[in-house]
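The values are calculated or read from the model by the stated rules, or taken from the named source; none is laboratory data. Here the structure is a predicted model, which is why all the values come from computation and not from measurement. Neighbour counts run over all protein chains shown; Cβ positions are idealised from the backbone, glycine included. Side chains are part of the model used for accessible areas, which takes the heavy atoms of the whole protein and leaves out ligands, DNA and RNA. Shrake-Rupley method; radii C 1.70, N 1.55, O 1.52, S 1.80 Å.
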Amino acid sequence: MNAAVSRRIVVVTAVHGPHARFLPEAYASLCAQRLPEGWEWHWVVQEDGESESVRPYVPVDARVTFRQGRAGGPGVARTMALAHRDGAYVKVLDADDRLTPGALARDLAVLERDPDLGWATSRVLDLMPDGSTVGFPGDPDQGPIERGAVLAHWKANGFLAQVHPASLCVRRELLLALGGWMALPASEDTGLLLALNAVSRGWFSREVGLLYRKWDGQVTGQAAHTDRAEREVRMAVVEARARALSRLRWGAPTAP
């Protein structure tokens, strides 16, 4: 670590073969970030599997770590990436998405300012194949998100949260306390978001923090993801976990 740098934010990306070609764009969006003095980012790219198709797209940069492991889905890959212990915060960046300028600095500013906040999210725009962007109609007002608010909105709106889990930045200790991402074939990030909100307050920024790529190969567009029977099971488990955490009345400890 540079002598002038004392703290890091770890950016975690799960990737497998079909998504690897987008990694250079994700990397460029990281390089465009300007962090507060004394901070730097560390990008952990964790392949969900052990192929030869991802490594060629991983940039050669001392700030980038590439790992491989047994395939288990994006939640498993992200959780395995938590073995890297050099950051107080974890930022999610899916392989096919892009951060907007200032996204990391805004997340850090919010979480450093208020130790009672466990996580932060931001406005997300869909990035369409033609390069245009489309907003999300249900964005909340900028500000804190109280405990239980995400579950209530998600339950009342057809299992759609009012904030996007792909924009998540979270305190690493809190993420570890909840066991990382859920062991589900999909919706593992939504499950984590609801669990986080069950035990801690969060934050939503109205400034766009992420461009969420829409394309034919994305996992959420596949038939298996929308299979009704499986989806009902996933949603039931996600809800049950969030409600169980709420009943425990355990609150995330504030940052030191």
Residue within segment 52-70 that is more than 19 Å from VAL170 (Cα to Cα) and among the acidic types (Asp, Glu) present:
yes
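When you check ASP141 against the structure, is it open to solvent by less than 50 Å² (accessible area, probe 1.4 Å) and among the charged types (D, E, K, R), yes or no?
Considered against the rule, which asks whether it is open to solvent by less than 50 Å² (accessible area, probe 1.4 Å) and among the charged types (D, E, K, R), ASP141 comes out as no.
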Among the numbered criteria (1) in contact with a Pro (Cβ under 6 Å, 6 or more places away or on another chain); (2) open to solvent by less than 30 Å² (accessible area, probe 1.4 Å), which one does VAL163 miss?
(1)
For segment 14-62 the number of residues that are acidic (Asp, Glu) and open to solvent by 60 Å² or more (accessible area, probe 1.4 Å) is 4
Could you list, in sequence order, the residues of segment 137-173 that are touching a strand residue (DSSP E or B) at 6+ places or on another chain (Cβ under 9 Å), assigned to a loop (DSSP other than H, G, I, E, B) and over 19 Å from LEU192 (Cβ atoms)?
ASP139, ASP141, GLN142
Filter result (over 17 Å from HIS164 (Cα atoms) and in contact with a strand residue (DSSP E or B) (Cβ under 8 Å, 6 or more places away or on another chain)) within segment 84-109
HIS84, ASP86, GLY87, ALA88, TYR89, GLY102, LEU108
Test: residue in segment 104-115 that is out of contact with any Cys (no Cβ under 9 Å at 6 or more places or on another chain), of a type in the set (Gly, Ala, Ser) and either farther than 16 Å from PHE204 by Cα or open to solvent by less than 10 Å² (accessible area, probe 1.4 Å) (or both)
no
Working carefully through the options LEU192, LEU211, LEU184, find the one that is in a helix (DSSP H, G or I), buried (at least 16 other Cβ atoms within 10 Å of the Cβ) and touching a helix residue (DSSP H, G or I) at 6+ places or on another chain (Cβ under 9 Å).
LEU192
Within the set of pairs 6+ apart or on separate chains, which have a first residue in segment 206-231 that is farther than 18 Å from ARG21 by Cα, a second that is modelled with pLDDT under 80 and open to solvent by 30 Å² or more (accessible area, probe 1.4 Å), and C-beta atoms under 7 Å apart?
HIS225/VAL219
